[in-house]
Amino acid sequence: MTRVLRIFSRLNIGGPSLHVIHLSSGLVAHGFETRLIVGRTDPHEGDFHDLALASGIDVSVLPELGRAIRPLNDLRALLRLYRLMRRGRPAIVHTHTAKAGALGRAAALMARVPVIVHTYHGHVLSGYFHPLTSLFFRGVERALAPASDALLTVSESVKADLVRLGVAPPDRVRVLPLGLDLAPLSGPLPKGVLRNEANWGSNSRIVGIVGRLVPIKDVDTFIDAAAIVSAGADDVRFAVVGDGEERARLEARAVAILGDRIHFFGWRKDPAAVLGDLDLVVNTSLNEGTPVAIIEALAAGRAVIATAVGGTPDLLNGGRFGALVPARSPEQMARAIQIAMDSPESSLRLAAEGRAEVLRRYSKGRLLGDMAALYRELLPPRPELVWPRRRGPNG
């Protein structure tokens, strides 16, 4: 078995965490044994740590590997990662997301790890922070890119952004889409879970949004669009599935406007039960890598509407698999919802076209095969090594 050290910011509920968990557990069958190092999950994010352990992953928490820039903690994390690499001697260090990518790759360079890989699940290099902060982050990525043996993205649009921002030339960035366990969503789904919890009748039509309740998801646009739709449709209900730092504000605002027509369900780890009750899935994000909620909705044959940002147009094939609307436009989002509700056959026809595509393109098996092939391509000839049995971030 070949040793892989995988470094990831935190196992919060979302697509990147599932991607990392599937890689860490599934690549064993391809000859790669993974040790996973993660930071702490923030409050209200939800956590997949239990899923990682249930998947048999050797996972350790490095508390200093936080999201915020804290020089002393960052230095400690860097040194602890370096010591782990020097003791464990991984053949491959594979990092995911910004902070983990910066510290992990720097430590791997110091430790002279043979192969260094980094995956961009999205990016925060423009539009998230003050322009000077964004400039600093771009400088860090440009400095680390030449030392990375492979730079991976989850969509063509993220690759285009990285090239445009000067992180790396096109021939240095590869697109390797997400891989998810979609089989449970492709068959019959349970009904009534959300309806019973919210006390909604069986005749109600339900429009849902699934994801973190944070500013970049722009759930306010969903609420505003829901208010417009509700004015002309008494039987439509609105489900918000997820949690985050903005939940208290959003829930108070939504209930004040919509009353019992909207319900906040918090984090759910049963996507089949969620999608079993949703007639339409909406995404209002201001930026996305590849939105897992939309992939899962299409796998379940649900109609979708999403903002035309990030990797979403790629996922929906320019609108072939679902409706695309501009970001921050409640009126256009509401109009798209109304059309989908009034003409469900047309929306479901689009979703059916997308279903076959996502089941093929975003399967877990495809991800594992592609990643194993990449690792073999990058590895120099050397004896295969197995991780020592000792656990913990310090090796």
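The values are calculated or read from the model by the stated rules, or taken from the named source; none is laboratory data. Keep in mind the model is a prediction, meaning the values are calculated, not measured. No Cβ is skipped: glycine too gets one built from the backbone with ideal geometry, and neighbour counts run over all protein chains shown.
Key figures
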| read-out | value |
| --- | --- |
| Residues being free of Cβ contacts under 8 Å to residues at least 24 places away in the same chain and closer than 17 Å to Ala297 by Cα - total across the stretch 320-346 | 3 |
| Scan of the stretch 218-242 for residues that are under 29 Å from the mean Cα position of the chain (by Cα) and either not in a strand (DSSP E or B) or not assigned by TED's automatic domain parsing to the domain that holds Val274 (or both), ordered by number | Asp218, Val219, Asp220, Thr221, Phe222, Ile223, Asp224, Ala225, Ala226, Ala227, Val229 |
| Test: residue in the stretch 75-86 that is modelled with pLDDT of 95 or more and within 30 Å of Arg247 (Cβ to Cβ) | yes |
| Single match in Ala111, Ala145, Ala168 (criterion: among the aliphatic types (A, V, I, L, M), under 18 Å from Val4 (Cβ atoms) and in contact with a helix residue (DSSP H, G or I) (Cβ under 8 Å, 6 or more places away or on another chain)) | Ala111 |
| Per-region count, the stretch 337-354, residues over 28 Å from the mean Cα position of the chain (by Cα) and among the acidic types (Asp, Glu) | 2 |
| Condition check for Leu162: under 21 Å from Asn287 (Cα atoms) and not assigned by TED's automatic domain parsing to the domain that holds Leu286 | yes |
| Residue under evaluation Ile21, criteria (1) in a helix (DSSP H, G or I); (2) of a type outside the set (Ser, Thr, Tyr); (3) touching a helix residue (DSSP H, G or I) at 6+ places or on another chain (Cβ under 8 Å); (4) surrounded by fewer than 22 Cβ atoms within 10 Å (Cβ to Cβ), criterion not met | (4) |
| Selection within the stretch 187-233 - of a type in the set (S, T, N, Q) and at pLDDT 95 or above | Asn196, Asn199, Ser204, Thr221, Ser230 |
| Filter result for Met341 (in the same structural domain as Pro271 (by TED's automatic domain parsing), modelled with pLDDT under 95 and among the hydrophobic types (A, V, I, L, M, F, W, C)) | yes |
| Residue that is farthest from Val292 (Cα to Cα), among those in the stretch 146-163 that are assigned to a helix (DSSP H, G or I) and under 22 Å from the mean Cα position of the chain (by Cα) | Val163 |
| Lone qualifier among Pro215, Pro169 - being surrounded by fewer than 16 Cβ atoms within 10 Å (Cβ to Cβ) and either within 24 Å of Pro344 (Cβ to Cβ) or outside the structural domain of Pro16 (by TED's automatic domain parsing) (or both) | Pro215 |
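One line per residue, one yes/no per condition, for (1) farther than 30 Å from Ala54 by Cα; (2) at pLDDT below 95; (3) within 21 Å of the chain's Cα centre (by Cα):
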| position | (1), (2), (3) |
| --- | --- |
| Ala252 | yes, no, no |
| Gly259 | yes, no, no |
| Asp279 | yes, no, no |
| Ser285 | yes, no, yes |
| Gly289 | no, yes, yes |
| Val292 | no, yes, yes |
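Residues checked against (1) over 19 Å from Lys364 (Cα atoms); (2) over 16 Å from the mean Cα position of the chain (by Cα); (3) at pLDDT 95 or above:
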| residue | (1), (2), (3) |
| --- | --- |
| Arg3 | yes, yes, yes |
| Gly26 | no, yes, yes |
| Glu45 | yes, no, no |
| Asn73 | yes, yes, no |
